[in-house]
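Encoded as structure tokens, the structure appears first; notes follow it.
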Amino acid sequence: MSDDPKTEQPSSSEPRVLYETRNEGSIAVITMNRPRYRNPLSSQMMAELDEAFIRAEDDPDVRVIILRGEGPTFSGGHDLGSPDALATRAERENEPMGNRYPRTRGMDVDPHLRWRDIPKPTIAVVQGACIYAAWMLASAMDVIFAAEDAQFLPTNFAYFAVPWDIGARRAKYLMFDNRFLTAREAMDWGFVQEVHPSEELEAAAMAYAERVAQQDPFQIRLMKHSIHQMQEIQGFTPHILSSFSDRMVRAANAAAITTDGATRREYISVERARANREQQS
């Protein structure tokens, strides 16, 4: 993304998340590093992302945070079949709602609210698919740069910021039709701020981050706080928390399928959206 990276990786042989600083330490770059599985948002990935965001927030030299995904896909959303998911599936078999509710909120709601409120500018760099939980993750960032090939798919998921992201009527229009949103559409509707060819995307995001890093960090912090206060007065967080209960009901709209001996959940609405995209292409 830029020259002179200072990169530090976890000791794992295949780290899920990479952390580095650039631009003389003023820009932190957090990378989801499981391209083989399309950077799925497992509980393990979410925990490591949280650690990286905390690290960037606590570093006084960091003024801007960039979130990206390694490989051709930003993120395919919730982890439904990678080794991470398989490792935890058995222990959650027949899990009672009394356990599932706080666990799901702790993974799908609370982290996004925390990341949204980081008092430093955050930038998502999105290429390829940005589906369901990946939309939630991008939505929690302040600014979104997208590649021309990026495609976005929302639903009434746990961190249901979609009406805030694109407006109530557009949210209904899009979700009722159950289709993907192109990068250009997402920019026209206000979710994405800039769209670039894939080969230019990260350079454009880094150039923007470098400009923002030159600004007064205290002034930027107050700007962000004031904008968020406007949304809080309108009821942003209460809406997110109340919508979470709807998500727990919607989660029942999933079928268990077995492929090559492995069982995973297949979200019916995702399969329908893919079919709709194929018919329209």
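The values are calculated or read from the model by the stated rules, or taken from the named source; none is laboratory data. Computed from a prediction, not measured in an experiment: that's the story for all the values here. FYI the Cβ positions are ideal-geometry reconstructions off the backbone, even for glycines, and counts take in every protein chain you see.
Any chance the range 172-189 includes a residue that's closer than 23 Å to Asp110 by Cβ and outside any helix (DSSP H, G or I)?
no
So, in the range 215-234, how many residues would count as being surrounded by 12 or more Cβ atoms within 10 Å (Cβ to Cβ) and outside any helix (DSSP H, G or I)?
Adding up the residues that qualify gives 1.
Taking the condition of being surrounded by fewer than 23 Cβ atoms within 10 Å (Cβ to Cβ) and not acidic (Asp, Glu), how many residues in the range 154-165 meet it?
4
I need a count of the residues in the range 251-281 that are in a helix (DSSP H, G or I), at pLDDT below 65 and more than 20 Å from the chain's Cα centre (by Cα).
Selection size over the range 251-281: 1.
For the range 223-250, which positions are under 22 Å from Phe152 (Cα atoms) and either at pLDDT below 60 or hydroxyl-bearing (Ser, Thr, Tyr) (or both)?
Within the range 223-250, just Ser243 meets the criteria.
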